[in-house]
Amino acid sequence: MIGPREALHRGLRAVRGTLRWIESGAGALFKSSEELELTDGEIGRPLLYLAAPIVVTNLLQVAYNLADTFWLGQYSTEALAAVTFGFPLVFFLISLAMGVAVTGSVLVAQYTGAEEYERAKYAASQTVGYALVLSVFLGGIGYFVVEDIVTALGAEPAVVPGAAAYLEVMSLGLFALFGFTVFIDLMRGAGDTVTPMLVMFGTVVVNVVLDPFLIFGVGPFPEFGVQGAAFATIFSRLLALAVGLAIMLRGYHGVQIRPRDMVPELGYGRRLLRIGGPATIEGTGRSISVNLMLFVVGTFATPIVAAFGVGVRVFSLIFMPAIAMDRGVETMTGQNIGAGKPDRADVANHFAAKVSFLILAAVGVVVFVTAPAVVGVFSDDPQVVRVGADFLRWVAPTFGFIGVVRAYSGGFRGAGRTLTAAVIAVTMLGFIRVPVAWVASRPIDVSRIAVDVPGVGTVATTLLAGTPVADLLAYSMAERGVWLGFIVSNVAAAAIAYAWFSRGTWRDADLTEEPTPTPAADD
């Protein structure tokens with residue numbers, strides 16, 4: 001039996017061998033970072049080559065989650081319900097630390113574009129150090145509060161123990177989950193999206209194989225139930241993190257890290273707060289907005305809630321190309337800003353917005369035509385299929401606008417304007433989508449407005465009675481009002497993102513000009 005060190009070496013050799021296979025031309029769909037020139041030459045082809053592996057990586061992540069869902073569904077309904085409560089909470093914990101990964105990715109991209117490779121190594125090393133410290137801290141807190149949170153969310157008594165056991169394991173292993181995410185983002189900042197894709201493939205295989213053994217207790221393994229899915233996830237991500245760290249320590253692909261530079265430094269911590277803080281707000285804002293929309297939809301009948309859930313799952317798959325383009329243009333913008341080529345970054349962003357719009361608009365046409373069949377894959381309830389198809393058909397014509405928002409948001413982050421990207425996301429979701437959905441989906445009577453004033457009594461007015469405003473608010477679109485919230489927010493956010501980007505205020509956001517601590521010199 002081989003030891004863990006030998007297993008790690010073999011895994012690294014397999015990754016390197018696969019990369020050589022890709023570089024030799026056998027992998028026509030993907031290009032290594034050495035073959036991609038992001039700061040010179042044509043723009044479209046390198047950007048698409050950068051984004052393609054990200055789509056595959058995201059699909060592998062979906063396969064990861066589906067494997068857990070499938071095996072736990074075979075185990076018991078309570079186990080499936082437990083992990084349903086677990087996924088959003090784990091995502092929320094990771095979102096709290098997401099600013100660290102974004103900061104590292106942006107700085108590595110800009111330093112790489114500026115050909116300041118020592119500073120790129122230092123930024124990557126500091127990012128890894130801070131990520132491990134922050135994830136251990138958050139995971140430690142999460143371990144002690146997850147059971148109370150699951151109970152507060154309304155989980156049934158039969159579900160709480162399984163959900164708590166699952167989340168306790170995930171909390172203790174949060175450093176592996178987040179550490180691997182940081183590896184992906186740092187490599188992408190250096191222009192390498194192929195290596196993370198290959199490592200992700202390996203971790204998915206390990207997880208899929210381990211799931212049934214640890215959940216059901218096959219062979220020498222005890223039966224862990226829902227906790228077994230957590231063990232499988234953490235083990236596979238821990239293995240992926242070990243491979244990722246080894247790759248970055250050796251520096252064969254992407255960016256290199258050095259252990260002596262991983263000790264958190266206060267000056268870099270301030271940059272993390274300034275650059276990464278807004279990115280954290282963006283990530284947590286998206287998570288919170290989903291829960292707020294569930295609150296709005298939760299006031300309707302169960303078939304409508306189920307149809308909404310199906311629609312959101314479909315959206316998560318459909319928007320993968322836009323998310324990949326977002327990440328790709330973030331890297332390309334960062335490297336070109338670092339190289340002192342904001343005009344090239346400008347062209348790249350507009351190209352990404354156009355391509356994303358056309359791709360998602362075309363997908364929207366297909367979804368509009370096939371909506372009942374698409375919903376039917378997830379449910380055989382006729383009412384769910386009818387309402388879900390209606391939801392998809394209302395929103396499908398605006399799919400292209402999501403591509404525009406994502407493209408320019410990636411450009412803002414790549415330039416270091418993470419606050420701008422956060423403002424656009426929060427405005428789109430919190431100040432447009434949720435309010436429109438709430439107001440349009442239920443009648444609101446403003447013909448008489450009364451307010452209780454302490455010491456005065458009730459103050460009432462009928463000023464709006466009989467006005468068009470009162471008539472409009474009294475009209476309810478029912479569940480279609482929720483669908484309208486998606487339409488209005490998608491179009492409005494695209495217009496805001498385009499107008500804001502066109503102002504050009506992101507052009508002077510070169511982070512490489514800021515003073516940084518002197519990286520440790522190589523021996």
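What range in the chain is the longest one free of GluC sites (Glu not before Pro) that are in a loop by DSSP and have at most 15 other Cβ atoms within 10 angstrom?
224-523
State in Å² the accessible area per residue of the range 282-413; use a 1.4 Å probe, count heavy atoms of protein chains only, and round to the nearest integer.
Here the per-residue accessible area is 37 Å².
Roll a 1.4 angstrom probe over the protein heavy atoms and tell me the percent of accessible area of the range 350-441 that is carbon or sulfur.
Carbon and sulfur together cover 74 percent of it.
Between F431 and E42, what is the label-point separation in nm under the 7 Å Cα-to-beta-carbon projection?
4.1 nm
Calculate the spin-label point distance for V366 paired with L153, positioning each point 7 Å from the Cα along the beta-carbon direction, and give it in nanometres.
3.2 nm
State whether the range 190-332 is rounded, prolate or oblate according to the following rule on the C-alpha gyration tensor (a ≥ b ≥ c being the square roots of its eigenvalues): a/c under 1.5 gives rounded; otherwise a/b larger than b/c gives prolate, and the remaining case gives oblate.
Oblate, because a/c is 1.5 or more while a/b does not exceed b/c.
Okay, helix-only estimate at 222 nm for the chain: each DSSP H run of n ≥ 4 adds -39500 (n - 2.57), divide by all residues, round to 500 deg cm²/dmol; what do you get?
-24500 deg cm²/dmol
Just for the Cα atoms in the chain, what are the lengths along the principal axes, largest first, rounded to whole Å?
The Cα atoms of the chain stretch 80, 60, 55 Å along their principal axes.
Enter the Cα centre distance for the pair the range 258-288 and the range 103-122, rounded to the nearest angstrom.
With the range 258-288 and the range 103-122 each reduced to a Cα centre, they are spaced 15 Å.
Per residue of the range 87-104, in order, report the coupling 6.51 cos²θ - 1.76 cosθ + 1.60 (Karplus, θ = phi - 60°) as ³J(HN,Hα) in whole Hz, putting x for Gly and Pro.
Per-residue couplings from phi come out as 3, x, 5, 5, 4, 5, 4, 5, 4, 4, 9, 5, x, 4, 5, 5, 4, x Hz.
Give a residue-ordered list of calculated ³J(HN,Hα) values for the range 255-265 (Karplus: 6.51 cos²θ - 1.76 cosθ + 1.60, θ = phi - 60°; whole Hz; x for Gly, Pro).
Result, ordered by residue: 10, 9, 10, 10, x, 5, 9, 8, 5, x, 10 Hz.
Measure nothing fancy, just the Cα-based angle from helix 382-395's long axis to the longest principal axis of the chain, in degrees from 0 to 90, nearest 10.
In the chain, helix 382-395 runs at an angle near 70 degrees to the longest axis.
Apply the Karplus parameterisation 6.51 cos²θ - 1.76 cosθ + 1.60, with θ equal to phi minus 60°, to every residue of the range 416-433 and state each ³J(HN,Hα) to the nearest whole Hz, in sequence, with x for glycine and proline.
For the range 416-433, the Karplus-derived couplings read x, 8, 5, 5, 5, 4, 5, 4, 4, 5, 5, 4, 4, 8, x, 9, 10, 5 Hz, x marking Gly and Pro.
The values are calculated or read from the model by the stated rules, or taken from the named source; none is laboratory data. Since the structure is predicted, the reported quantities are computational estimates derived from the model, not experimental observations. Every residue, glycine among them, receives a Cβ derived from its backbone with ideal geometry; neighbour counts consider all protein chains shown. Heads up: the accessible areas ignore ligands, DNA and RNA and are worked out on the full protein's heavy atoms, side chains in. Shrake-Rupley method; radii C 1.70, N 1.55, O 1.52, S 1.80 Å.
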